[in-house]
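J.: Pasting a structure below so you can have a look.
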Amino acid sequence: APQAEGLFNKAIAMSGTASSNKYVLNLTSSWEEAAQNGLQFQNLLTAASIEEMRRLPYETIIEAATESEIPFGPVMDGIMLGEDPRDTPSEAQQAPMVIGTVKDEGSLFIWEYGIETLSDYELALQIWFGNNASLVETYYPATTDEEAVWQAVTVDGLAGMQEPTRHTARGASLSVPVYRYYYTHVPPTEAGAGLGCFHGSELAYLFGNLDAAEGYGSSDAVFSNQIMALWTNFAKTGTSYATGLPAWSEFSVGQENAFHLNGPDDFELTEGLSFDDECDFFELIAPKVEPDYPK
């Protein structure tokens with residue numbers, strides 16, 4: 001946002017960018033659509049005006065938003081966000097960036113969405129991709145409920161996180177140093193057993209919150225310290241490094257390096273990722289949204 005210029009000198013974006021919302025949350029960044037959603041929410045709160053909404057206790061707002069199916073997310077309003085979020089990374093950026101994803105980005109969301117059957121999967125594709133739903137289903141077909149769940153995990157992860165992250169890294173790298181990571185470690189927890197390397201599973205390691213009762217052990221502590229060193233050294237210096245680990249080279253459009261965080265003492269730098277061709281597909285069908293806010 002233009003108002004944030006000069007307020008930050010480093011940026012770390014973990015598992016998500018503004019453009020993710022177009023797929024995962026079915027948002028378009030449309031001002032008109034957001035205005036209608038706001039009026040719908042006002043009616044849900046039985047408030048006569050926005051001023052009355054602002055006087056409500058925050059608990060009331062949160063409870064109503066949680067229980068409703070009204071979507072909330074970034075909106076092109078001409079103030080904070082002036083154009084399609086997919087265009088903003090290519091503008092001149094202000095700060096070096098670490099950006100990346102985890103391996104099984106989609107598993108947590110599919111579980112939260114309650115996608116359990118083939119019909120659930122087909123409905124989700126319609127919601128996420130609209131006119132392109134049948135094309136996506138051709139590339140990621142399913143004939144059974146089990147296949148449908150795992151295809152949903154794959155599609156949600158690729159379209160919602162992997163492709164937008166690569167897109168953002170490419171744009172930002174035109175003006176600032178960018179360090180891209182790919183996190184693959186499955187936690188030794190009940191959640192890890194069911195969801196794999198799920199969205200947010202790296203946070204326990206990043207902040208050192210490793211409870212032995214949940215299954216974490218001494219090797220997890222080693223991995224946690226290594227990740228914390230990478231992140232804090234980047235925050236201090238603008239370069240991501242840690243003693244004893246391989247060099248983490250910058251990402252660029254000509255050399256799309258990705259630093260794999262696989263586990264304790266298991267780090268590897270590769271050029272590109274195995275699913276880049278699939279990201280190309282989702283980039284090709286990404287919807288373009290024109291600003292519709294009042295001038």
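J.: Calculate one ³J(HN,Hα) per residue across the stretch 177-189 by plugging θ = phi - 60° into the Karplus curve 6.51 cos²θ - 1.76 cosθ + 1.60, and present them in order as whole Hz with x for glycine and proline.
T.: Values, residue by residue: x, 10, 10, 9, 10, 9, 9, 10, 6, 8, x, x, 10 Hz.
J.: Then there's this: So what is the relative contact order of the stretch 139-295, in percent, for Cα pairs below 8 Å that sit 6 or more residues apart?
T.: Value for the stretch 139-295: 24 percent.
J.: Hey, can you find the accessible area per residue of the stretch 162-232 for me, probe 1.4 Å, expressed in square angstrom?
T.: 38 Å²
J.: Continuing with this model, one more query. Can you classify the stretch 201-295 as rounded, prolate or oblate using the Cα gyration tensor, where a ≥ b ≥ c are the square roots of its eigenvalues, rounded means a/c under 1.5, and otherwise it's prolate if a/b beats b/c and oblate if not?
T.: prolate
J.: Right, something else. May I ask you to derive the FRET efficiency for Asn262 and Ala92 from their Cβ-Cβ distance with R0 = 25 Å, giving the value to the nearest 0.05?
T.: The calculated FRET efficiency here is 0.15.
J.: Taking a ≥ b ≥ c as the square roots of the eigenvalues of the Cα gyration tensor of the stretch 152-214, is the shape rounded (a/c under 1.5), prolate (a/b larger than b/c) or oblate?
T.: It comes out oblate by the Cα gyration axes.
J.: How much of the calculated P(r) for the chain lies past 33 Å, in percent of all Cα pairs?
T.: Here the long-distance tail beyond 33 Å is 30 percent of all Cα pairs in the chain.
J.: Shape verdict for the stretch 73-220, please, from the Cα gyration tensor: rounded (a/c under 1.5), prolate (a/b greater than b/c) or oblate.
T.: Cα axes put the stretch 73-220 in the oblate bin.
J.: Please list Trp111, Trp231, Trp31 from largest to smallest accessible area, probe radius 1.4 Å, with all protein chains kept in place.
T.: Trp111, Trp31, Trp231
J.: Now for a separate question. Could you work out the relative contact order of the chain, using alpha carbon pairs under 8 angstrom and six or more residues apart, expressed as a whole percent?
T.: 24 percent
J.: Let me ask another. Mind checking which of Gln151, His185, Ala95 is farthest towards the positive end of the stretch 35-188's charge dipole, using Cβ charges of +1 (Lys, Arg) and -1 (Asp, Glu) about the Cα centre?
T.: The residue sitting most towards the positive pole is Ala95.
J.: Next question. Please list 162-171, 259-268, 240-249 highest first by mean number of surrounding beta-carbon atoms within 10 Å per residue.
T.: Result, highest mean first: 162-171, 259-268, 240-249.
J.: Also: Given Cβ point charges of +1 (Lys, Arg) and -1 (Asp, Glu) and nothing else, what value in debye, to the nearest 20, does the dipole of the chain about its Cα centre take?
T.: 1120 debye
J.: Give me the angle, in degrees from 0 to 90, between the Cα long axis of helix 118-129 and the longest principal axis of the Cα atoms of the chain, rounded to the nearest 10.
T.: The angle comes out near 80 degrees.
J.: Suppose only helical runs count, i.e. DSSP H with n ≥ 4. What mean residue ellipticity at 222 nm does that imply for the chain under -39500 (n - 2.57) per run, divided by all residues and rounded to the nearest 500 deg cm²/dmol?
T.: -12000 deg cm²/dmol
J.: Percent of alpha carbon pairs in the stretch 1-147 separated by more than 25 Å?
T.: 47 percent
The values are calculated or read from the model by the stated rules, or taken from the named source; none is laboratory data. Small disclaimer: the values here were computed from a predicted structure and weren't measured. In this analysis, Cβ positions are derived from the backbone assuming ideal geometry, glycine residues included, and neighbour counts consider all displayed protein chains. Note: areas computed on protein heavy atoms with side chains; ligands, DNA, RNA excluded. Shrake-Rupley method; radii C 1.70, N 1.55, O 1.52, S 1.80 Å.
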